[in-house]
Amino acid sequence: MDYSKEFRDLIAYTKDTEDFIGYGNPNAKIMIIGKEESFDIKKEENNIIYNQASKGNWKGWEEVIGNPSITPDSIPVWKDSGKFCPLYPWKGDDLPKGTWTNYQKLINRLYPEADAGKMTTFHQYAFITEFNDSPSKTSKRKDPEVQQRITHRCKNVLNHPFYKSFPIVIAACGHYVKDYNINLEDIFNQKYIEPESVKIKTGEWINIHRKDNRILIHTRQLSNAFSFELIERIADFCKPYIEPLQKS
């Protein structure tokens, strides 16, 4: 696979900082940004995953871009190899309940060929990252430590040209924008269009920002129960910006 100069530059930068980059396809049309990874880092097995997948994220990407033969098809099944690859993380695992299930539902609406039943495939069609790079079992409101990490990432990581290169950005982070002073327009060079703020029902809404043939969608966290209509409406806003994505 070939990767953009922007992505290569980002990996070179994070080699020194060890900032979290993300998972999935860097050449995709869609980037989804969540609040943070949801697991308890105090558990030994989770701490191992954190050090390999999150803290060592740049190392995984450095290996990927240094070896063009690494593709989603060439990556071994996670359970068989135990080797983590950020291009297709935990390949072969059943789709876990929660956020990833809903990411998969959205991608299935946009790319019908992505639907593989209970198996996770959305990483081939989207790039995933987080506003907060410190995992937490539950999201927090106005926490000083979370604010520190988000402020750092917004100023030093997420404002990198690579993250601005996606035609579609979905900020599925709900109240984090207000609680942690996240200026989506400044980070992603976008513009909010008030008539395109859509309320579906209580707790379900979509704010739309558009500029230069790109769209930024801000909505609630896609982790807990919500209506199928929310996924449908997000997909409807995305469709005009998607061309058929050819797998590399």
* Residue tally, condition modelled with pLDDT of 90 or more and outside any strand (DSSP E or B), over region 213-248 -> 17
* Could you check, for region 121-139, whether at least one of its residues is surrounded by 15 or more Cβ atoms within 10 Å (Cβ to Cβ), in a loop (DSSP other than H, G, I, E, B) and among the acidic types (Asp, Glu)? => yes
* Asked: Just to be sure, is Ile75 of a type in the set (A, V, I, L, M, F, W, C), assigned to a strand (DSSP E or B) and closer than 23 Å to Leu10 by Cβ?
  -> no
* Asked: How many of the residues in region 30-86 are more than 24 Å from Ser223 (Cα to Cα), of a type in the set (Lys, Arg) and modelled with pLDDT of 90 or more?
  -> 1
* To do: Could you identify the single residue in Tyr163, Tyr180, Tyr176 that is within 23 Å of Lys29 (Cα to Cα) and surrounded by 13 or more Cβ atoms within 10 Å (Cβ to Cβ)?
  => Tyr163
* Structure fact -> Residues of region 1-32 being in contact with a Ser or Thr (Cβ under 9 Å, 6 or more places away or on another chain), part of a helix (DSSP H, G or I) and over 14 Å from Asn57 (Cα atoms), in sequence order, are Glu6
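The values are calculated or read from the model by the stated rules, or taken from the named source; none is laboratory data. The shown structure was predicted, so the numbers you read here are calculated from the model rather than taken from an experiment. Note that we place each Cβ from the backbone using ideal geometry, even for glycine, and neighbour counts take in every protein chain shown.
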